[in-house]
Structures are given as C-alpha cells and as structure tokens.
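Please read the structure below before turning to the comments.
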Amino acid sequence: MAEQQATFAGGCFWCTEAVFDDVIGVTSVESGYIGGTVRHPTYRQVCGGDTGHAEAVRLTFDAAVISYADLLEIFFATHDPTQLNRQGNDVGTQYRSAIFPHDAEQEALARAAIEHAQAEWGSRVVTTIEPLADWYPAEDYHQEYFAREGNNNPYCMAVVAPKLRKFRKSFSERLKTQAAAE
C-alpha cells in the first residue's frame, strides 16, 4: 500500500469528512484544525474566528487506489471554491477553502487543480494553498459526526445529506460500496 496524506479545508468539516469517508482508497478521515496561531485550539475558539484556523480534514489514502489529483477533483466538486471565507450559511475564515500540501508534488497538483477549477467555475476561485502547519484533531464528538448524528441533526439533514447524495451520484465509480450510492 502506498499510503499518503492529504489535508483540505472546504467549509464545515462534518460535510467534508462525510464525503471523503465514502471514497475508495481513503483509509481514514480525521476532522481537525489547521493554519492558525493558537496552540491546541478548541472548537469554540475556532468558531469564534480569532485563531486563524480552518476547519479541515486530514485524509490517509492509498495512492495505488486513488490519486491525489482524483481527491482534488472530488474536493473542488463538493464545495464552492468561489465563496471567500464561507460555505453557504457558515461564514468566517474558519470555513475558507484551502489546500495544505504535504510535499512539492501535492503543491504542483493543487496549483493545477485550482487553474482547472477556475476554468470550470467561470468565477474567481478563492481557494488558497497554505503551508502545512500544526494539525490539531477536533474533539472526539466531531469525528464521524455525520455517520453518528446525521439523521438527528437538522443542519446535517439540510446541508450534509444533500451534498453527500450529490457526491454519491456524481462520483459513483469512486465509492467504497455501491450501497453508499443508493
């Protein structure tokens, strides 16, 4: 197995985690915080918008099964990279669209993906490429949040579930199971 990591921020980490949990070749997804100035921030601090952190996910994936370029394609298809510091009703720098490359090859692929997204979206893509920084896992109750609470949480039902359905329909060939597509 050619295990690698990828770190993406695309709005609320509950949404991003739910999407990448379904992707073939992704062996783990962890929600957390990156890109800020406070050491060991809490969810409350990050939501306050003063720490500089983004809500993000760190993926571990098998590069022999899915490429980093494929993960970038999914990333850009499952959030709006033209919204500055927001995704839908989630507003603030903690919801920014950002890529945190783990090496020079990932950075080059991220730059190419942004150019491709710019051409596809037709609007200015505001996704940033930021240096890989200290990673702080989110509190335990945020991990696998949609899998545990999706049917009980109005936000998840209104925001995460439709995004996940759209993703599953558009990327059915990249799902871990066909059951997830239904």
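Every read-out reported here was derived from the displayed coordinates using simple, explicitly stated rules and does not represent laboratory data. Values in this document were obtained by computation on a predicted structure and should not be read as measured data. All Cβ positions, glycine included, derive from the backbone under ideal geometry; neighbour counts span all protein chains shown.
Val126's amide H: which non-local residues (gap 5+, or another chain) put their own amide H closer than 5 Å, with H modeled 1.01 Å from N in plane and none for Pro or chain starts?
For Val126, whose amide H was placed from the backbone, the distant partners under 5 Å are Thr82, Gln83.
Counting only residues 5 or more places away or on other chains, whose amide H sits under 5 Å from the amide H of Leu175 once H atoms are built in the peptide plane?
Ile24
Could you check the spin-label model distance between Gln118 and Val65? Points 7 Å from the Cα along Cα→Cβ, value in nm.
Between Gln118 and Val65, the simple spin-label model gives 3.4 nm.
Rounded to whole Å and sorted largest first, what semi-axes of the equivalent ellipsoid does the C-alpha gyration tensor of region 54-182 yield via the square root of 5 times each eigenvalue? Can you show the working numbers first?
Details: eigenvalues 104, 70, 58 Å².
Here the semi-axes work out to 23, 19, 17 Å.
Using only the alpha carbons of region 27-78, determine the length spanned along each of the three principal axes and report them from longest to shortest in whole angstroms.
Dimensions of region 27-78 along the principal axes of its Cα atoms: 38, 20, 15 Å.
Counting just the Cα atoms, what span does region 42-121 cover along each of its three principal axes? Round to the nearest Å and put the largest first.
So the extents along the principal axes, rounded to whole Å, are 38, 28, 20.
Determine the relative contact order of the chain: mean sequence separation of Cα pairs under 8 Å and six or more apart, normalised by residue count, in whole percent. Can you show the working numbers first?
On the way: 334 pairs, mean separation 53.4, N = 182.
Taking the mean separation of contacting Cα pairs over the length of the chain, I get 29 percent.
May I ask you to compute the full-extension gain from Met157 to Ser172, defined as 0.36 nm times their residue separation minus their alpha-carbon distance, rounded to one decimal in nm?
Details: separation 15, 0.36 × 15 = 5.40 nm, distance 2.08 nm.
Extra length from Met157 to Ser172 when fully extended: 3.3 nm.
Fewest first, what order do Trp14, Trp135 take by the number of other Cβ atoms within 10 Å? Intermediate values should be presented prior to the final figure.
On the way: Trp14 24, Trp135 15.
The most exposed by this proxy come first: Trp135, Trp14.
Helix-derived [θ] at 222 nm for the chain: sum -39500 (n - 2.57) over DSSP H runs of at least 4, divide by residue count, nearest 500? If you can, show how the numbers build up before the last one.
Working: 7 runs with 61 residues, N = 182.
So the calculated ellipticity at 222 nm is -9500 deg cm²/dmol.
What is the distance in Å between the Cα centroid of region 1-75 and that of region 132-159?
If we compute the Cα centre of each part, the gap is 11 Å.
So how much slack lies between Gln143 and Glu105, counting 0.36 nm per residue of separation and subtracting their Cα-Cα distance, in nm?
Working: separation 38, 0.36 × 38 = 13.68 nm, distance 2.85 nm.
Length difference between fully extended and current span is 10.8 nm.
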